[in-house]
Amino acid sequence: MNAIWDVVHTERAALISDLAQLPAERWATPSLCPGWDVHDVLAHLVDDAKTTWPGFMLRLAAARFDFDRYNGDGLARERRADPRATLAAFEAVSRRTTSAPAPKATRLVEAFVHGEDIRRPLGLGRAYPAEHVAAALRHQLATGVGMGGGKERAAGLRLIATDTSLDHGEGQEVRGTALALLLAVSGRPVAADELTGPGLTALTR
């Protein structure tokens with residue numbers, strides 16, 4: 001668990017550094033999350049970092065157990081008028097080790113997927129630790145789409161990571177880095193040259 005939090009804290013610090021000098025007009029750049037811009041995703045990360053088990057249950061009940069409403073409420077609560085204030089709020093909570101009542105691998109999913117939700121539209125790159133990305137991918141492959149995972153997207157496919165030992169499933173192959181596979185399984189778009197194999201269309205449709 002300590003290893004997971006070490007990675008999460010490192011990724012939060014890296015994202016803060018990447019966004020520190022972002023021009024004001026670029027905060028409205030659409031992210032990879034449909035309907036959310038870069039500023040929205042950052043506000044969601046603030047809310048996520050501040051979440052506790054009791055708070056999660058109370059707020060989910062207030063949202064009538066609708067996860068989209070729950071996330072929307074959290075975003076609205078943490079999104080400041082000035083994106084730089086939202087970034088400062090993220091920095092203030094970046095070392096926290098609280099979370100919703102969910103498997104700890106979800107912290108890795110949040111760090112990597114939302115990191116790319118922000119970075120890719122801004123043209124920013126980052127080298128993530130492949131073994132931890134693979135751990136996040138394994139979680140997504142075991143979790144249904146309705147719970148934020150991607151199990152159904154990978155059904156009937158064999159996913160092979162080219163930068164780790166991950167080899168999952170049976171069927172038509174899809175090959176690529178663990179990060180590209182993680183993004184695709186999580187319902188995010190990837191570049192045309194990031195994944196290959198006869199199962200690519202089925203995975204990314």
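For this structure, a couple of remarks:
- Pick from segment 122-148, criterion over 30 Å from Leu22 (Cβ atoms) and touching a helix residue (DSSP H, G or I) at 6+ places or on another chain (Cβ under 8 Å), ranking: surrounded by the fewest Cβ atoms within 10 Å (Cβ to Cβ): Gly144
- Any chance Ser94 is under 16 Å from the mean Cα position of the chain (by Cα) and hydroxyl-bearing (Ser, Thr, Tyr): yes
- Selection within segment 65-91 - loosely packed, with under 15 Cβ neighbours inside 10 Å, more than 19 Å from Val38 (Cβ to Cβ) and at pLDDT 90 or above: Arg69
- Segment 163-205 - residue that is part of a loop (DSSP other than H, G, I, E, B) and hydroxyl-bearing (Ser, Thr, Tyr) and, of those, farthest from the chain's Cα centre (by Cα): Ser165
- Top-ranked residue in segment 64-112 [being in contact with a Gly (Cβ under 8 Å, 6 or more places away or on another chain) and β-branched (Val, Ile, Thr); ranked as nearest to Val185 (Cα to Cα)]: Val109
- Residue under evaluation Ala85, criteria (1) in contact with a helix residue (DSSP H, G or I) (Cβ under 7 Å, 6 or more places away or on another chain); (2) of a type outside the set (Ser, Thr, Tyr); (3) free of Cβ contacts under 8 Å to residues at least 24 places away in the same chain, criterion not met: (1)
- Selection count where residues are surrounded by 14 or more Cβ atoms within 10 Å (Cβ to Cβ) and at negative phi, scope segment 177-205: 20
- Inter-residue pairs, beta-carbon under 6 Å, first under 11 Å from Leu42 (Cβ atoms) and in segment 17-29, second part of a helix (DSSP H, G or I), 6+ apart: Leu19/Leu87; Trp27/Val38; Trp27/His39; Trp27/Pro83
- Residues in segment 135-162 that are touching a strand residue (DSSP E or B) at 6+ places or on another chain (Cβ under 9 Å) and outside any helix (DSSP H, G or I) were compared, and the one that is farthest from Ala111 (Cα to Cα) is Gly156.
- Residue in segment 124-132 that is without any contact (Cβ under 8 Å) to a residue 12 or more places away in the chain, of a type outside the set (Asp, Glu) and more than 20 Å from Gly74 (Cα to Cα) present: yes
- Residue count for segment 120-134, restricted to those that are of a type in the set (A, V, I, L, M, F, W, C) and farther than 13 Å from Leu108 by Cβ: 3.
The values are calculated or read from the model by the stated rules, or taken from the named source; none is laboratory data. Worth saying up front: this structure is predicted, and the values here are computed from it rather than measured. Quick reminder, even Gly has a Cβ in these numbers, built from the backbone with ideal geometry, and neighbours come from all protein chains shown.
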